[in-house]
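Asker: Here's a structure for you.
Any read-out appearing in this document is the output of simple, stated calculations on the displayed coordinates, not a laboratory observation. Because the structure is predicted, anything quoted here is derived from the model rather than measured. Note: ideal-geometry Cβ built from the backbone for every residue, glycine included; neighbour counts use all protein chains shown.
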Amino acid sequence: MLPIMNSILTQTDDFVGAGSAEVPWPEALRKAVREVEVLAEVLRLPQAWIDQARRAARQFPLLVPWEFVRRIRPADPHDPLLRQVLPIGDELIPEPGYSSDPLGELQRCRAPGLLQKYAGRALIVTTGACAIHCRYCFRRHFPYHDLAAARRHWPVILEELASDASIDEVILSGGDPLVLPDAWLREWVEALGRIPHLARLRLHTRLPVVIPQRVTQELIDWLRGTRLTPLVVVHVNHPQELDETCCTALTKLVDSGIPVLNQAVLLRGVNDSADVLEELCRRLANLRVLPYYLHQLDPVQGAHHFAVPVQVGIEIVSRLRERLPGYAVPRLVVEEPGQPAKRLLAG
Ligand SMILES: *Cc1c(COP(=O)(O)O)cnc(C)c1O
Ligand code: SF4
């Protein structure tokens, strides 16, 4: 048997047991699907999709945890969750106006791994790694390995933050900060807590959604144990992502007293419909997770097939305003390089 077939079978055999809450999160991260063939096999994808996926994955590799794969409907190439993770041929078609650093982030570094675009908030690129590769991600071309904050950069970052009393909030981002071990994160957070003018600590993470067992007691302990006010911003785009394990993880965070907000990206073929977003926002509100932002897609090369015209987004958000309580309507925003805030389009 070819080695590749071997690995497909091994991983497929694991499929039933994989993605259950009993698999410790580091193992779930390690065992995430990285091969197009494996995904194609378990989800019974047509050959034409497999061929293009292989080509597009060379530019930005496939990565999707089993916990997320379990929420995808088999044999449906148009499934809204699959569409977020499956490489497709459209990614390889260059599109004018789409670039590899659409937000000009490379110019916003105050120290290696420390970005500041907006008053009062500084963002630490804690790692270049994620638990899932979202095909529309504006960071798909980001030179993480140069810019993520290596441990040797921590002192410089802390010094830079300590020297600027106008900063009162630190955002741990990435990549995804929660792919890092709790011991590291606890160390980061303790050091940040010693900077007197910092008041709030925000995490931007997709882990509680894609590998829900990442929300461990240890995580809650260091988040609650800091003097800083913690907030967690998760990333759910479609109600089908909110399966039972994900809801349990989000509830655990909220129950521990941490405000949880959601940001979504408006994506063609995923959530560009008032009905889908209404259901998403309603279910989030029921979970006490507040819909915060709905992002207009950043013009990143390889993601233009996800673009939704601005007018359509504005129209969808007006529908949401008619159907939902005000607090459950996300703000539709777009990031424009050099602006003092994300620009509000509707909401
Ligand atoms: C989006 C973003 C923030 C946070 O902006 P809020 O409007 O406060 O959510 C902060 N820093 C950077 C670099 C960002 O991209
Ligand atoms: S940074 Fe966020 S959106 Fe981008 S690939 Fe990682 S998890 Fe997905």
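Asker: Report yes if Leu172 is of a type in the set (A, V, I, L, M), in contact with a Ser or Thr (Cβ under 6 Å, 6 or more places away or on another chain) and within 16 Å of ligand 1 (Cβ to nearest atom), otherwise no.
Answerer: yes
Asker: Turning to a different aspect of this structure: Considering only segment 143-159, I want to know if a residue exists there that is within 15 Å of ligand 1 (Cβ to nearest atom), part of a loop (DSSP other than H, G, I, E, B) and touching a residue at least 40 places away in the same chain (Cβ under 8 Å).
Answerer: So far as segment 143-159 goes, no, none of its residues is within 15 Å of ligand 1 (Cβ to nearest atom), part of a loop (DSSP other than H, G, I, E, B) and touching a residue at least 40 places away in the same chain (Cβ under 8 Å).
Asker: Continuing with this model, one more query. If Pro208 satisfies all but one of (1) part of a helix (DSSP H, G or I); (2) within 16 Å of ligand 1 (Cβ to nearest atom); (3) touching a Cys at 6+ places or on another chain (Cβ under 9 Å), what's the number of the condition it fails?
Answerer: For Pro208, the exception is condition (2).
Asker: Of all residues in segment 229-242, how many are under 15 Å from His204 (Cβ atoms) and either crowded, with 19+ Cβ neighbours inside 10 Å or in contact with a helix residue (DSSP H, G or I) (Cβ under 7 Å, 6 or more places away or on another chain) (or both)?
Answerer: Total satisfying the criteria: 7.
Asker: Scan Leu345, Leu332, Leu320 and give me the residue that is more than 16 Å from ligand 1 (Cβ to nearest atom) and either touching a residue at least 12 places away in the same chain (Cβ under 8 Å) or not in a strand (DSSP E or B) (or both).
Answerer: Of the residues listed, the single one that is more than 16 Å from ligand 1 (Cβ to nearest atom) and either touching a residue at least 12 places away in the same chain (Cβ under 8 Å) or not in a strand (DSSP E or B) (or both) is Leu320.
Asker: Please go through segment 157-182 and pick out each residue that is touching a Pro at 6+ places or on another chain (Cβ under 8 Å) and within 12 Å of ligand 2 (Cβ to nearest atom).
Answerer: Correct list: Leu178 only.
Asker: Filter segment 249-296 down to residues that are within 16 Å of ligand 2 (Cβ to nearest atom), assigned to a loop (DSSP other than H, G, I, E, B) and aliphatic (A, V, I, L, M) and give me whichever is nearest to Val317 (Cα to Cα).
Answerer: Looking at residues that are within 16 Å of ligand 2 (Cβ to nearest atom), assigned to a loop (DSSP other than H, G, I, E, B) and aliphatic (A, V, I, L, M), I get Leu266.
Asker: Being at negative phi, surrounded by fewer than 21 Cβ atoms within 10 Å (Cβ to Cβ), near ligand 2 (Cβ under 9 Å from one of its atoms) and not basic (Lys, Arg) is the requirement here; does His133 meet it?
Answerer: Yes, satisfied.
Asker: Consider segment 131-140. How many of its residues are touching an Asp or Glu at 6+ places or on another chain (Cβ under 7 Å) and either away from ligand 1 (no atom under 12 Å from the Cβ) or free of Cβ contacts under 8 Å to residues at least 60 places away in the same chain (or both)?
Answerer: Of the residues in segment 131-140, 2 are touching an Asp or Glu at 6+ places or on another chain (Cβ under 7 Å) and either away from ligand 1 (no atom under 12 Å from the Cβ) or free of Cβ contacts under 8 Å to residues at least 60 places away in the same chain (or both).
Asker: Taking segment 103-130 on its own, how many of its residues are within 15 Å of ligand 1 (Cβ to nearest atom) and either crowded, with 20+ Cβ neighbours inside 10 Å or of a type in the set (S, T, N, Q) (or both)?
Answerer: Here the count works out to 11.
Asker: Same structure again: Filter segment 94-130 down to residues that are in a loop (DSSP other than H, G, I, E, B) and without any contact (Cβ under 8 Å) to a residue 24 or more places away in the chain and give me whichever is farthest from ligand 2 (Cβ to nearest atom).
Answerer: Pro96
Asker: Given the conditions (1) part of a loop (DSSP other than H, G, I, E, B); (2) away from ligand 1 (no atom under 16 Å from the Cβ); (3) in contact with a strand residue (DSSP E or B) (Cβ under 7 Å, 6 or more places away or on another chain), which single one is not true for Val308?
Answerer: The number of the failed condition is (3).
Asker: Given the conditions (1) closer than 23 Å to Ala285 by Cα; (2) surrounded by fewer than 20 Cβ atoms within 10 Å (Cβ to Cβ), which single one is not true for Leu223?
Answerer: Just one mismatch for Leu223, condition (2).
Asker: Pairs needed: first member in segment 191-202, part of a helix (DSSP H, G or I); second member anywhere, within 16 Å of ligand 1 (Cβ to nearest atom) and among the β-branched types (Val, Ile, Thr); C-beta distance under 8 Å; at least 6 residues apart or different chains.
Answerer: Going by the 8 Å Cβ cut-off, the qualifying pairs are Leu192/Val170.
Asker: Now for a separate question. Taking segment 36-52, which residues are more than 21 Å from the chain's Cα centre (by Cα) and either outside any helix (DSSP H, G or I) or of a type in the set (A, V, I, L, M, F, W, C) (or both)?
Answerer: Of everything in segment 36-52, those that are more than 21 Å from the chain's Cα centre (by Cα) and either outside any helix (DSSP H, G or I) or of a type in the set (A, V, I, L, M, F, W, C) (or both) turn out to be Val38, Ala40, Val42, Leu43, Arg44, Leu45, Pro46, Ala48, Trp49, Ile50.
Asker: For Val270, all conditions in the list (1) surrounded by fewer than 19 Cβ atoms within 10 Å (Cβ to Cβ); (2) β-branched (Val, Ile, Thr); (3) touching a helix residue (DSSP H, G or I) at 6+ places or on another chain (Cβ under 7 Å) hold save one; what is the number of the exception?
Answerer: (1)
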